Amino acid sequence: MAKRQFKAESKQLLDLMINSIYTHREIFLREIISNASDAMDKLHYMAMTRPEDVAVSREDLRIKVSADKDAGTITVSDNGIGMDKDDLEKNLGVIAHSGSLDFKKEMEDGKDVDIIGQFGVGFYSAFLVADEVTVITRKYGSEQAYRWRSKGADGYTIDECEKDSWGTEVIMHLRPDDENERYSEYLEQYSLQNLITKYSDYVRWPIHMDVQKDDLVETGEVDENGEPKKEWKTTIVDEVVNSMVPIWQKSRSEATDEECFKFYKEKFRDWEDPLSVIRVNAEGTISYRAMLFIPKVAPFNFYSRDFEPGLQLYSSGVMIMEKCKDLLPDCFRFVRGVVDSPDLSLNISREMLQHDRQLATIRANIEKKVKAELERMLKDEREKYLEFFKAFGLQMKYGMVEAYGSKADMLKDLVLFHSMKDDKLITLREYRDAMPPDQSKIYFAAAESVARAKQLPQTEQVSSKGFDILCLSEEADEFALKTLRDYDGKEFCDVSGSDLDLDTEDERKEAEEKAEAEKDVISFIKDTLGDSVADVKLSRKLKTHAVCLSAEGDVSLEMEKYFSAIPGEQNNIRAKRVLEINADHPAYAALKEAYENDREKAEDMARIMYDQAALIAGMPIEDIVGYSDKVFKLFK
């Protein structure tokens with residue numbers, strides 16, 4: 001029979017289908033199996049609506065995948081609706097024409113059957129791995145079969161042939177291996193099974209394969225000890241290799257939490273049970289089911305750029321994306337799970353989502369479900385929530401800061417900070433509810449550890465009032481609170497900041513009088529330290545300690561440490577340092593005496609005080625040898 005040309009813009013269009021639309025060659029099997037599934041959906045629908053004309057039961061329908069290493073072919077066969085000559089011309093002779101979409105439009109109620117194919121290009125993905133594709137098909141109710149054959153863009157032939165029963169066989173002759181691709185790998189049983197499990201495990205129809213089984217069987221003989229001799233025997237068994245009904249499609253009564261946990265560990269290769277499972281069954285403008293898991297342990301690379309977040313995305317049981325990060329906000333990137341919807345707008349390759357309102361609707365609903373589950377866990381299962389927060393709390397704090405704080409309000413009641421008074425993790429709401437009536441601010445102390453935060457001299461004045469202090473020890477902590485600015489009307493206040501607003505009017509007046517009396521000594525210290533400090537002042541915070549370092553403005557000392565660790569221009573960001581001195585401490589009295597009698601010694605003591613304050617704050621000393629020399633000089 002004469003070769004026919006494709007009824008679409010020829011070679012360039014088919015080249016686009018093969019080389020541009022699909023990013024992974026391995027999806028060819030997904031597409032061909034999906035077409036087979038659609039063919040059986042159509043026949044099953046006809047059997048339900050026209051039982052007098054179509055005598056086919058659901059149990060009779062099946063897909064078979066087989067490989068012939070000698071011939072170098074992979075065959076996908078089905079006993080679905082099949083095609084006649086006109087169908088072949090229309091569906092395979094016209095690139096980007098979808099018979100499935102036509103069928104869906106013709107149905108009175110399109111929701112009766114989920115049809116996967118809508119674009120009419122999936123079939124041509126076979127040419128990603130094949131240099132020749134043959135289709136042998138016979139339409140249900142017809143006695144005549146046809147063979148469609150093509151080697152690609154140069155056209156195709158259709159001729160009559162014999163076929164025992166209705167249905168379709170797609171025979172793909174694989175390309176020869178080259179230096180870039182090993183096409184023959186797809187002929188291996190394990191490779192085909194892996195692809196079916198990965199992409200088509202939940203196709204509703206059984207997918208059969210001839211599976212090789214190796215068993216140790218008795219030979220009928222005995223050894224010298226009288227024990228039965230055994231040998232390995234290889235048999236070929238016809239086996240269903242897909243699950244068909246996904247666990248997320250089952251009700252709670254059909255799938256227990258324990259079964260869901262088992263699915264999670266197998267699917268996502270985690271050795272620990274998840275802390276919680278979230279089931280979603282949404283119907284309405286967009287219908288979808290989801291099964292989400294909150295892990296117990298963070299993956300080893302979770303806080304690195306190598307980690308790939310995202311949920312597995314299915315459309316009518318066929319996996320479209322292994323990690324769809326657009327279905328989760330970044331603050332919840334720890335969530336694992338699956339989303340399955342027949343209503344998503346996919347691009348033509350079915351490998352990526354169109355960014356539309358449907359996607360935004362699912363994302364917003366999943367965000368609410370995850371937040372609600374975390375709130376429930378925090379309220380009802382505190383110990384379990386503490387396990388979760390130990391693994392993923394830092395991620396939620398990052399989430400409060402990024403995107404200009406757009407998620408800060410949503411997350412503020414889920415994050416925990418260490419209470420200095422209670423010596424445990426608490427929420428901001430718990431801190432706020434425990435505040436005495438005369439406390440006007442929420443106080444925090446930031447350091448590289450909780451222990452160091454507790455030791456900061458600046459905490460003395462706050463603690464003396466009986467107020468609690470939040471100990472911030474993670475790099476995102478202070479940024480998160482700065483993003484919030486306040487909680488329930490109470491402003492956050494850094495104990496290392498310039499004003500803690502704790503003095504009475506009499507105490508403030510007394511401090512001003514003392515500062516005026518000591519202004520000459522303070523000016524001397526400031527002149528001695530030069531650009532190292534923005535200011536020097538007598539402290540109202542210190543009770544027993546001699547000195548401390550605080551900061552003016554928006555950049556705190558801990559923020560300076562954070563930025564200093566980042567390569568680039570950010571490491572030039574500096575806090576405006578203020579040296580605070582306890583005028584009632586013997587160290588100040590000694591410096592004051594030196595100021596009156598030995599200015600050189602007084603200069604050394606001023607620099608020692610500043611360096612001591614920097615050490616207490618965890619800041620580096622610029623001239624560590626000079627500092628050491630000045631200290632030992634005092635022993636003379």
Of the criteria (1) assigned to a loop (DSSP other than H, G, I, E, B); (2) in contact with a Phe, Trp or Tyr (Cβ under 6 Å, 6 or more places away or on another chain), which one residue 299 fails: (2)
Residue 360 vs. criteria over 15 Å from residue 287 (Cβ atoms), part of a helix (DSSP H, G or I) and at pLDDT below 90: yes
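Residue-wise test of (1) closer than 27 Å to residue 450 by Cα; (2) more than 42 Å from the chain's Cα centre (by Cα); (3) not basic (Lys, Arg).
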| site | (1), (2), (3) |
| --- | --- |
| 534 | no, yes, yes |
| 546 | yes, yes, yes |
| 579 | yes, yes, yes |
| 587 | no, yes, yes |
| 591 | no, yes, yes |
| 597 | no, yes, yes |
| 615 | yes, no, yes |
| 620 | yes, no, yes |
| 635 | no, yes, yes |
Any hit, the range 192-201, residues being without any contact (Cβ under 8 Å) to a residue 60 or more places away in the chain and farther than 30 Å from residue 248 by Cβ: no
Filter result (among the small types (Gly, Ala, Ser), touching a residue at least 60 places away in the same chain (Cβ under 8 Å) and either in contact with a Lys or Arg (Cβ under 7 Å, 6 or more places away or on another chain) or under 15 Å from residue 91 (Cβ atoms) (or both)) within the range 131-164: 153, 155
Selected residue [open to solvent by less than 70 Å² (accessible area, probe 1.4 Å), closer than 21 Å to residue 491 by Cβ and among the hydrophobic types (A, V, I, L, M, F, W, C)] from 408, 403: 408
Looking only at the range 72-88, and only at residues there that are open to solvent by less than 30 Å² (accessible area, probe 1.4 Å) and among the charged types (D, E, K, R), the one that is farthest from the chain's Cα centre (by Cα): 87
Selected residue [free of Cβ contacts under 8 Å to residues at least 40 places away in the same chain and closer than 19 Å to residue 547 by Cβ] from 509, 519, 514: 519
Where a residue in the range 440-467 is within 20 Å of residue 490 (Cα to Cα) and open to solvent by 40 Å² or more (accessible area, probe 1.4 Å) and its partner, wherever it lies, is in a strand (DSSP E or B) and of a type outside the set (D, E, K, R), with Cβ under 9 Å and at least six apart: 440/493; 463/469
Residue 257 being touching a helix residue (DSSP H, G or I) at 6+ places or on another chain (Cβ under 7 Å), free of Cβ contacts under 8 Å to residues at least 24 places away in the same chain and surrounded by 11 or more Cβ atoms within 10 Å (Cβ to Cβ): no
Which numbered condition residue 276 misses (of (1) at pLDDT 95 or above; (2) surrounded by fewer than 17 Cβ atoms within 10 Å (Cβ to Cβ); (3) polar (S, T, N, Q)): (2)
So residue 480, is it in contact (Cβ under 8 Å) with a residue 60 or more places away in the chain, hydrophobic (A, V, I, L, M, F, W, C) and either part of a loop (DSSP other than H, G, I, E, B) or closer than 20 Å to residue 558 by Cβ (or both): yes
Selection count where residues are out of contact with any Phe, Trp or Tyr (no Cβ under 8 Å at 6 or more places or on another chain), part of a loop (DSSP other than H, G, I, E, B) and not aliphatic (A, V, I, L, M), scope the range 34-79: 8
One residue from 181, 239, 169, 188 being under 30 Å from residue 149 (Cα atoms), acidic (Asp, Glu) and surrounded by 17 or more Cβ atoms within 10 Å (Cβ to Cβ): 169
Given (1) touching a Ser or Thr at 6+ places or on another chain (Cβ under 9 Å); (2) within 28 Å of residue 277 (Cβ to Cβ); (3) open to solvent by 30 Å² or more (accessible area, probe 1.4 Å); (4) not in a strand (DSSP E or B), number of the condition residue 414 does not satisfy: (3)
Residue count for the range 46-66, restricted to those that are crowded, with 16+ Cβ neighbours inside 10 Å and over 21 Å from residue 242 (Cβ atoms): 3
Count of residues meeting criterion [within 15 Å of the chain's Cα centre (by Cα) and in a loop (DSSP other than H, G, I, E, B)] in the range 275-296: 2
Sole residue being modelled with pLDDT of 90 or more and under 22 Å from residue 315 (Cα atoms), chosen from 237, 245, 241: 241
Test: residue in the range 625-635 that is open to solvent by 90 Å² or more (accessible area, probe 1.4 Å) and among the aromatic types (Phe, Trp, Tyr): yes
Check on residue 69, at pLDDT 90 or above and surrounded by fewer than 19 Cβ atoms within 10 Å (Cβ to Cβ): yes
Check on residue 486, at pLDDT 95 or above and either surrounded by fewer than 15 Cβ atoms within 10 Å (Cβ to Cβ) or closer than 17 Å to residue 575 by Cβ (or both): yes
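The values are calculated or read from the model by the stated rules, or taken from the named source; none is laboratory data. Predicted model, so just to flag it, every value in this text is computed and none were measured. Note: ideal-geometry Cβ built from the backbone for every residue, glycine included; neighbour counts use all protein chains shown. Quick note on the areas: whole protein, heavy atoms, side chains included, nothing else; ligands and nucleic acids left out. Shrake-Rupley method; radii C 1.70, N 1.55, O 1.52, S 1.80 Å.
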